[in-house]
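Report on the following structure.
The values are calculated or read from the model by the stated rules, or taken from the named source; none is laboratory data. For clarity, every value in this text was computed on a predicted model and none was experimentally measured. Here Cβ is always computed from backbone atoms with ideal geometry, including for glycine, and neighbour counts include all displayed protein chains.
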Amino acid sequence: MGRGLMKGSLVIVESTVGPGVTEEVVKFELEEVSGLKAGVDFGLAYSPIRASAGRVFRDLTSYPRILAGFDERSFHAASSLLSLIVKGGIIKVRDIKTAEAVKLFENIYRDVNIALANQLALFCEAAGIDVVEAINAANTQPFCHLHRPGMGVGGHCLPSNPYFLLEKARKLKVNLDLVRAARRINDSMPFHTIKLITAALRSCGKTLKGSHVAILGVSFKEDVKEHRYSPSIYVAERLMRRGVKTSIYDPFFTPEELSVPGVRIAPTLESCVEGVDCILLAVAHEKFKSLDLNLLAKLVKMPAALVDGRQVIDPVKAREAGFVYAGIGRGLVVA
């Protein structure tokens, strides 16, 4: 970019970065390569993308846009340009490093909230409490906004963004114990999922090694076609290493679009679950919320387990269909 930079150009950085990166790294490189000076020869601003997978264009236009300029002229030029696209308004912050921190704070809030939900889910399993019922009731209090627990955190933002802040905190000698703990908790959930699979299979009189597990859903979140850092893939790879025959089905992907070494990518739900010892419902896709459990029971190799990683299946209905049910935040329910 520096080679093509001209006087009067405007550079708006949108990538998620640690506080200080735009001015300490990007600005330095642009000036070094171009021979131009930010704030004098070209404008420089920072405005992080605020959009979720599956609804990027809608979010880009509707969400308020955080914006900071290297100087006032840069801010006004960037604001004029972004206002042509953004209908949610421009939020000016005092400097670029503040704007960089805003995006990290947003994603870390979600990561920490999910970690809290996951820890509460583990407590609920041990205490015999249904985490869904407890969280739904708690969230009727206006100041309570608990997320739903799951098999972990995926996507290209949440698993990595906290480390940008942690690295800056390390340099500043600030201890961010909560942020680091949240990452550790969320990274542990795929292993907990495998423990639930193992326990459910044991209740069926089967061992993990040598069993066949079908994983329903590979996207990192429901109803999107995106599988970067997907907990499903993480679980599949580790099951395969433990001698488990593993199949994956996701309605948003064709077999040609997915590749997990040693794991079969099934073209249909029925072909994925046929003859398996355990079904892992990994993603809360809308299509999976209306599964015919009685039909699935005819396709699997009974006695079979149904492990619910996203609290999609009613445990009572799973039991009535003949499954041994285990769910994150619900524990093991024997048929």
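Among the residues of the stretch 34-51, count how many are small (Gly, Ala, Ser) and exposed (fewer than 14 other Cβ atoms within 10 Å of the Cβ).
Narrowing the stretch 34-51 to residues small (Gly, Ala, Ser): 34-35, 38-39, 43, 45, 47, 51.
Subsequent filtering for residues that are exposed (fewer than 14 other Cβ atoms within 10 Å of the Cβ) retains 35.
Selection size over the stretch 34-51: 1.
Residue-by-condition table, conditions (1) more than 22 Å from CYS204 (Cβ to Cβ); (2) in contact (Cβ under 8 Å) with a residue 24 or more places away in the chain:
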{"residue": "ARG264", "(1), (2)": "no, no"}
{"residue": "VAL273", "(1), (2)": "no, yes"}
{"residue": "VAL276", "(1), (2)": "no, yes"}
{"residue": "VAL283", "(1), (2)": "yes, yes"}
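Of the residues VAL86, VAL93, VAL102, only one is under 30 Å from VAL21 (Cα atoms), at pLDDT below 95 and of a type in the set (A, V, I, L, M); which? Steps first, please.
Details: VAL93 fails: at pLDDT below 95; VAL102 fails: at pLDDT below 95.
Result: VAL86 is the single residue among VAL86, VAL93, VAL102 that is under 30 Å from VAL21 (Cα atoms), at pLDDT below 95 and of a type in the set (A, V, I, L, M).
Going through PHE57, PHE75, PHE42, PHE28 one at a time, which residue ends up being closer than 30 Å to PHE253 by Cβ and either outside the structural domain of ASN161 (by TED's automatic domain parsing) or over 29 Å from the mean Cα position of the chain (by Cα) (or both)? Break it down stepwise before answering.
Details: PHE75 fails: closer than 30 Å to PHE253 by Cβ; PHE42 fails: closer than 30 Å to PHE253 by Cβ; PHE28 fails: closer than 30 Å to PHE253 by Cβ.
So the residue among PHE57, PHE75, PHE42, PHE28 that is closer than 30 Å to PHE253 by Cβ and either outside the structural domain of ASN161 (by TED's automatic domain parsing) or over 29 Å from the mean Cα position of the chain (by Cα) (or both) is PHE57.
Give the residue, chosen from LYS195, LYS221, LYS206, that is of a type in the set (D, E, K, R), assigned by TED's automatic domain parsing to the domain that holds LEU306, part of a loop (DSSP other than H, G, I, E, B) and farther than 17 Å from ASN107 by Cβ.
Details: LYS195 fails: part of a loop (DSSP other than H, G, I, E, B); LYS221 fails: farther than 17 Å from ASN107 by Cβ.
On inspection, the qualifying residue turns out to be LYS206.
Yes/no matrix, rows are residues, columns are (1) within 27 Å of LYS37 (Cα to Cα); (2) free of Cβ contacts under 8 Å to residues at least 24 places away in the same chain; (3) in a helix (DSSP H, G or I):
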residue	(1), (2), (3)
GLN119	no, no, yes
PRO149	no, no, no
GLU167	no, no, yes
LYS171	no, yes, yes
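When the residues of the stretch 206-231 are narrowed to those that are of a type in the set (Lys, Arg) and more than 17 Å from the chain's Cα centre (by Cα), which ends up surrounded by the most Cβ atoms within 10 Å (Cβ to Cβ)? By that ranking, first place goes to LYS206. When ILE108 is tested against (1) surrounded by fewer than 19 Cβ atoms within 10 Å (Cβ to Cβ); (2) under 30 Å from ALA282 (Cα atoms), exactly one condition is not met: (1). Residues in the stretch 133-143 that are touching a residue at least 12 places away in the same chain (Cβ under 8 Å) and either buried (at least 20 other Cβ atoms within 10 Å of the Cβ) or of a type in the set (Phe, Trp, Tyr) (or both): ILE135 alone.
Do we find a residue being modelled with pLDDT under 95 and within 20 Å of the chain's Cα centre (by Cα) anywhere in the stretch 292-309? Scanning the stretch 292-309, I find no residue that is modelled with pLDDT under 95 and within 20 Å of the chain's Cα centre (by Cα), so the answer is no.
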